[in-house]
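Below is one structure, written out as structure tokens; comments come after it.
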Amino acid sequence: MSAPHTNSDTASVTEGNAAPEAAKLGDKIRCDACPVMCYVKPGMTGACDRYANIDGRIVRTDPHLLLDRTLTTGGAVVPFGNSAAWDGTLIDPERHFVTAIGAGTTYPDYKPAPFIVSAKIDGTDMVTVVTEGIFSYCGVKVKIDTDRHLGHESSAVRAAGEAVGHVTTGEYGSQMLSLGGVHHLTGGSKKEGRVTCETLLDLCNGKPVELSVDDGARVIVQAGGPPIVNGAAEERMRVGCGSATIGMFAKQWFGKVDEVVVVDDHITGVLSEHQAGRYLGAKDSGIRLKGRRSTPGRYFQVAQPGTGWGGTDITDPLTILEPFDPKRARPGLTMLMVSTTGEQFGFYRLDDMLRPVEEELPDDLRVSVERIRENCEPALCTVLFMGGAGGSLRAGVTDNPVRLTRSVGDALTRVTCGGAPAYIWPGGGITLMVDVTRVPDNGFGYVPTPALVAPIEFTMRLEDYAALGGHLDWVRPLESLAGSSESGGGEIVMAGRRAVAPHDDNPWPAGPAASGSVR
Amino acid sequence: MSRAQIRMLPDGCRLHLQDGPIDLIVEAFGARDDIRRARDAATARFVTILDELCAELPLLRASVGRGGYPPAGIVAGRMHDAVAPFACYGFVTPMAAVAGAVAEETLAGMRRAAPELERAYVNNGGDIALHLAPATSFSIALIDRPDRPSLFGTARIDADEPIRGVATSGWRGRSFSFGIADAVTVLAASAAQADAAATIIANAVDLPGHPGIARAPACDLQPDSDLGSRLVTRAVPPLTDGEIDRALSAGLACARDLRDRGLIEEAALHLQGETRSLASPDAPASLPAFTPDRREFVHG
């Protein structure tokens with residue numbers, strides 16, 4: 001009756017619990033841990049999913065551990081909202097699954113189970129109204145710390161072949177993607193909407209997603225992880241643009257090498273021409289670069305954007321040089337070429353024909369290259385969920401929705417997403433941004449509309465809640481809940497707090513009442 | 001029974017019972033004494049169930065279509081009775097209803113011990129038996145895929161409706177399936193009946209002969225499987241909209257038939273992001289009985 005699984009992520013083998021007596025039949029082993037007496041094939045589990053045949057022995061895979069882990073990380077209580085006015089169903093399938101049923105989570109390979117959750121209520125002098133909003137208008141902004149060219153601005157970004165967003169204006173050291181939004185979710189084909197929704201959901205829940213940019217790169221993005229561009233993991237951000245790098249390291253180079261070129265897709269820096277080099281007294285080297293000179297020692301467009309040196313498409317840095325000027329250059333002149341991350345470098349000496357010939361990097365220069373690397377921050381992908389809660393979601397909080405908007409605008413009401421602080425965009429509506437890595441695991445869900453479901457809590461003082469026309473009838477003190485299932489009674493209420501393992505960095509949104517969270 | 005594990009979950013409300021392959025989450029609502037009596041009864045009833053079932057396991061693993069003796073045990077009897085009406089849909093064994101029947105029997109024990117109980121549920125890995133006193137209700141949230149759990153709807157079950165069982169079946173789940181549905185969720189009069197029906201409908205959601213669907217003999221995966229050498233679904237490739245529609249339509253026809261025979265109340269079928277239900281066979285986004293859209297949208 002059970003599907004075998006061999007997923008070692010979910011089945012932790014505890015040797016100590018090993019080995020009920022076993023009889024063999026071929027490579028199958030008969031497990032006598034329980035009266036079902038399953039024959040278990042190698043690498044598979046019996047009907048219970050608890051005992052597996054691993055290397056010819058029956059070994060216990062411990063689902064209780066799994067249950068405990070999921071319960072402690074997921075939190076134990078999730079309120080379930082509903083009222084006559086508002087069927088404010090709290091949708092957090094993963095955590096509902098963990099917290100409301102639990103049975104499902106004891107199976108590493110569990111059934112797709114419906115689940116039951118009971119009503120939990122909170123509200124002392126602080127009120128937290130917990131809902132999970134369905135966001136048709138939502139998306140993610142992705143910041144990818146890399147100078148490698150991912151694609152041209154406004155190029156389409158695709159997942160599974162469907163357009164899910166576009167490349168937007170880059171930031172210093174980072175490429176930016178804007179994904180999702182109502183047009184991709186509901187404005188295109190059904191498949192486009194579904195794939196967009198899955199992409200957003202996976203990104204918000206911290207899963208890796210492979211994206212491809214039209215006429216650009218393939219990149220694997222995972223919130224909090226390094227980007228993987230065309231199969232290569234990006235390790236570090238550039239220390240700065242090429243010109244900035246010259247500025248930062250000119251002193252360490254001066255006197256050790258005659259010329260330094262910092263190759264960068266944005267601004268390639270040349271020490272001898274750069275103000276920083278001039279200031280130190282660097283001499284004209286006769287170097288000539290391709291591209292367009294911006295100001296002395298600063299060159300735009302020395303090559304095409306790409307995934308080679310410093311975010312350009314080059315693999316041989318000499319290709320960005322024109323022949324040295326014979327009037328100014330001299331044989332024996334030394335030159336360091338280095339990328340803005342220090343990951344690529346080359347040391348050259350001009351021969352009698354004034355051609356650069358590569359030599360081994362001298363130790364005193366190696367130190368400076370390593371220092372560039374050392375000064376580069378780890379390259380990360382960061383994902384901000386952005387959505388507008390300006391619509392009827394507010395009716396779940398108050399009879400007079402615009403008062404909630406104003407209350408948020410006046411900072412009387414704090415907005416959090418699964419306890420994570422949210423930035424509220426100024427202006428009309430409640431347009432929020434939140435770092436998905438600060439939201440509890442799998443805090444986001446979806447509905448097949450398609451639209452994303454995100455947790456959202458409005459926290460305010462009780463009197464402020466009353467003032468904005470809150471559903472006071474539904475507010476109950478936390479104590480009335482403690483350890484009791486009697487208060488459930490089939491009444492489903494929508495003012496409450498969800499108890500989840502709080503993120504270490506998040507300030508608790510609700511003040512003193514927070515200590516009473518049910519867990 | 002030292003083998004079974006019995007404990008309260010950390011919320012102090014839900015009881016977790018486990019024995020061999022059976023995992024139950026039990027919760028009762030009502031007066032304090034009734035809750036206590038119900039928990040004790042659930043535990044008392046639970047600890048012998050696995051032995052009772054194993055005593056006649058070979059019979060329970062045999063097709064009900066073959067005649068023969070009805071099983072002797074109470075749970076086994078519930079299983080047999082639940083699957084018997086489905087014999088005409090092809091090969092089915094009482095094991096198709098085991099999870100629901102165990103939930104049902106445990107709940108029955110609780111109700112005997114605490115007749116005044118307001119509400120209770122016994123959830124056996126997603127197959128759920130419900131008790132509802134008059135004028136009470138349960139809300140149930142439904143998900144479509146276990147590996148990407150997300151809610152597609154909620155069902156509110158009121159005491160005056162003839163629904164006391166909820167079950168879900170699909171190839172991604174713990175049980176094997178002949179079909180390709182990600183999940184089929186059924187509401188029926190009893191948990192065992194819902195369990196058996198979900199299995200049958202999930203089997204019917206299929207594209208026979210589709211070359212991309214990987215299938216393997218059940219006995220190659222689990223030597224003792226009641227399904228023997230019959231092919232069970234192991235992987236389903238991305239399907240075209242037309243294929244999805246065809247497979248779901250086949251399942252829906254089966255579900256409709258079961259409803260017309262009075263065996264189920266409602267069914268929702270999911271395949272690769274598409275959802276159909278008896279209540280709204282053509283409009284996947286709106287499932288009146290499951291009411292996913294009673295929640296208002298933030299926009300549009």
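Here residue B:37 meets each of (1) within 11 Å of another protein chain (Cβ to nearest Cβ); (2) in contact (Cβ under 8 Å) with a residue 24 or more places away in the chain with one exception, condition (1). The residues on offer are A:367, A:357, A:338, and the sole one that is more than 21 Å from residue A:146 (Cβ to Cβ) and in a strand (DSSP E or B) is A:357. For first residues located in the stretch A:218-246 and closer than 21 Å to residue A:167 by Cα, partners that are in a strand (DSSP E or B) and basic (Lys, Arg) and lie 6+ apart or on another chain with Cβ distances below 8 Å form the pairs A:229/A:218; A:230/A:218; A:231/A:218.
Answer with yes or no whether residue B:103 is at pLDDT 95 or above, within 11 Å of chain A (Cβ to nearest Cβ) and not in a strand (DSSP E or B).
Criteria met by residue B:103.
Assess whether residue B:51 counts as being touching a residue at least 60 places away in the same chain (Cβ under 8 Å) and within 11 Å of chain A (Cβ to nearest Cβ).
no
This table checks each residue for (1) of a type in the set (Lys, Arg); (2) surrounded by fewer than 21 Cβ atoms within 10 Å (Cβ to Cβ); (3) at pLDDT 80 or above; (4) within 24 Å of residue A:164 (Cα to Cα).
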{"site": "A:413", "(1), (2), (3), (4)": "no, no, no, no"}
{"site": "A:419", "(1), (2), (3), (4)": "no, no, no, no"}
{"site": "A:425", "(1), (2), (3), (4)": "no, yes, yes, yes"}
{"site": "A:430", "(1), (2), (3), (4)": "no, no, yes, yes"}
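Assigned to a helix (DSSP H, G or I) and either within 14 Å of another protein chain (Cβ to nearest Cβ) or of a type in the set (Val, Ile, Thr) (or both), is that true of residue A:372? Spelling it out, residue A:372 is indeed assigned to a helix (DSSP H, G or I) and either within 14 Å of another protein chain (Cβ to nearest Cβ) or of a type in the set (Val, Ile, Thr) (or both). Among the residues here, residue B:297 does not qualify as of a type in the set (Phe, Trp, Tyr) and either modelled with pLDDT of 85 or more or surrounded by 21 or more Cβ atoms within 10 Å (Cβ to Cβ) (or both). Residue check: residue B:2 meets all listed conditions (1) modelled with pLDDT of 90 or more; (2) farther than 20 Å from residue B:100 by Cα; (3) of a type outside the set (Lys, Arg) but one, namely (1). Reported count of residues in the stretch A:411-432, each being among the polar types (S, T, N, Q) and farther than 14 Å from residue A:384 by Cα, is 1. Note on the stretch A:269-293: among residues that are part of a strand (DSSP E or B) and touching a Ser or Thr at 6+ places or on another chain (Cβ under 8 Å), the one that is farthest from residue A:314 (Cα to Cα) is A:269. Just one of the numbered conditions (1) surrounded by fewer than 24 Cβ atoms within 10 Å (Cβ to Cβ); (2) aliphatic (A, V, I, L, M); (3) assigned to a helix (DSSP H, G or I) is not true of residue B:96: (1).
Among the helices (runs of 4 or more DSSP H) confined to the stretch B:178-265, the ones with at least 3 residues that are closer than 30 Å to residue B:132 by Cβ are located at B:191-204, B:241-260.
Taken over the stretch A:265-287, the residue count meeting the criterion of being surrounded by 21 or more Cβ atoms within 10 Å (Cβ to Cβ), more than 19 Å from residue A:342 (Cα to Cα) and among the acidic types (Asp, Glu) is 1. For the residues B:82, B:42, B:114, the requirement of being buried (at least 24 other Cβ atoms within 10 Å of the Cβ) and away from chain A (no Cβ under 14 Å) singles out B:82.
The values are calculated or read from the model by the stated rules, or taken from the named source; none is laboratory data. Please read these numbers as outputs of a predicted model, since none were measured by experiment. All Cβ positions, glycine included, derive from the backbone under ideal geometry; neighbour counts span all protein chains shown.
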